[in-house]
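Each remark here refers to the structure printed beneath this line.
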Amino acid sequence: MNNDIEKILYSADDIHEVAKKLGKQITADYADKNPLVVCILKGAILFMSDIVRQIDTYCELDFMSVSSYGNAQVSSGSVKIIKDLDVSVEDRNVLIIEDIIDTGQTLQTLVDLFGHRKAKSVKICTLLDKKERRVKAVKPDYIGFKVPNEFVVGYGLDYLGHYRNLPYVGILKPEIYSEN
Ligand code: PRP
Ligand code: MN
Ligand code: MG
C-alpha cells in the first residue's frame, strides 16, 4: 500500500505538531464554552482522535457520517447524511472537525444545517484546506495545512475506500487512479 504513494506531504510528526498547535488555540478559544466537537466521518476519524487529545477543556464529542463523493473523484454536489448526530446542536457551540475542505460543499451544507438547527456558534477545524477548488465560500477557523491541488490520500483520506489507515498524508501515484 505504501508503494502506491508518490510523495509524503505531511508526516505523522508534522501532523502531530499541527494538532498540538491547533489544540492550544481551541483550548483557549473554548474555555468554559463546553463545545460539541463534531467529527465528520469517515475522513475526519484520525484527525478527530488526535485533535481532541490536545484540547484541555470540557467538551463533548459527537459523530456524523456524510458523503458527497461516494467512490467518485468529483463531488456530486449533493451531500448525503448517512448518520446524523445523536445530540441536539440547539444553543451549543459546535466545532466541526474535518480532514479536508475541497469544493466546500460538504461544510457549507453542514454549517447551514447547524445554523438552521439553532446552534449558538459553528466553527470549523480542518487538517487540510485545498483552496484552489473552492466553489462555496466556506472559511475554516483552524487550518492544519494549505494543500496544493493534488490527489492526496492517507490519515483518513481515501481513494475508493483505501488508504485511510496511512499514518501520513501523501500524493497518490497517478498510475493508480488512471487505471480506473
Ligand atoms: C471528503 C472529505 C470531506 C469532503 C470534502 O469526504 O472527507 O468530507 O469530501 O469535499 P468538498 O469540500 O468538495 O465537499 P467524502 O464525501 O469522500 O466522504 P468520506 O469522508 O467518507 O471519505
Ligand atoms: Mn468526508
Ligand atoms: Mg472520501
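Read-outs: derived from the displayed coordinates by stated rules, not from any lab. Quick caveat, the model's predicted, so the values are computed rather than measured. Cβ coordinates were reconstructed from backbone atoms using ideal geometry, including for glycine residues, and neighbour counts include every protein chain displayed.
Values computed for the structure shown
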quantity	calculated
Selection status of Val94, in contact (Cβ under 8 Å) with a residue 40 or more places away in the chain, in a loop (DSSP other than H, G, I, E, B) and closer than 21 Å to Glu60 by Cα	no
Residues being under 17 Å from Asp50 (Cβ atoms) and part of a loop (DSSP other than H, G, I, E, B) - total across region 148-168	7
Output for region 19-51, where each listed residue is within 16 Å of ligand 3 (Cβ to nearest atom), in a helix (DSSP H, G or I) and under 17 Å from Pro140 (Cα atoms)	Phe47, Met48
Residues within region 153-168 that are more than 17 Å from Glu17 (Cβ to Cβ), surrounded by fewer than 23 Cβ atoms within 10 Å (Cβ to Cβ) and touching a strand residue (DSSP E or B) at 6+ places or on another chain (Cβ under 9 Å), tallied	6
Cβ-Cβ under 6 Å pairs, at least 6 apart or on other chains, region 155-166 side more than 15 Å from Leu128 (Cβ to Cβ), far side in a loop (DSSP other than H, G, I, E, B) and of a type outside the set (A, V, I, L, M, F, W, C)	Leu160/Asn71
Residues being within 14 Å of ligand 2 (Cβ to nearest atom) and within 19 Å of Val18 (Cβ to Cβ) - total across region 108-124	1
Residue among Ile100, Ile171, Ile124 that is surrounded by fewer than 19 Cβ atoms within 10 Å (Cβ to Cβ), on the phi < 0 side of the Ramachandran plot, in contact with a strand residue (DSSP E or B) (Cβ under 6 Å, 6 or more places away or on another chain) and not in a helix (DSSP H, G or I)	Ile171
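Matching residues to (1) surrounded by 13 or more Cβ atoms within 10 Å (Cβ to Cβ); (2) touching a residue at least 40 places away in the same chain (Cβ under 8 Å):
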residue	(1), (2)
Lys7	no, yes
Val18	yes, yes
Tyr30	yes, yes
Leu41	yes, yes
Ala44	yes, yes
Ile55	yes, no
Cys59	yes, no
Phe63	yes, no
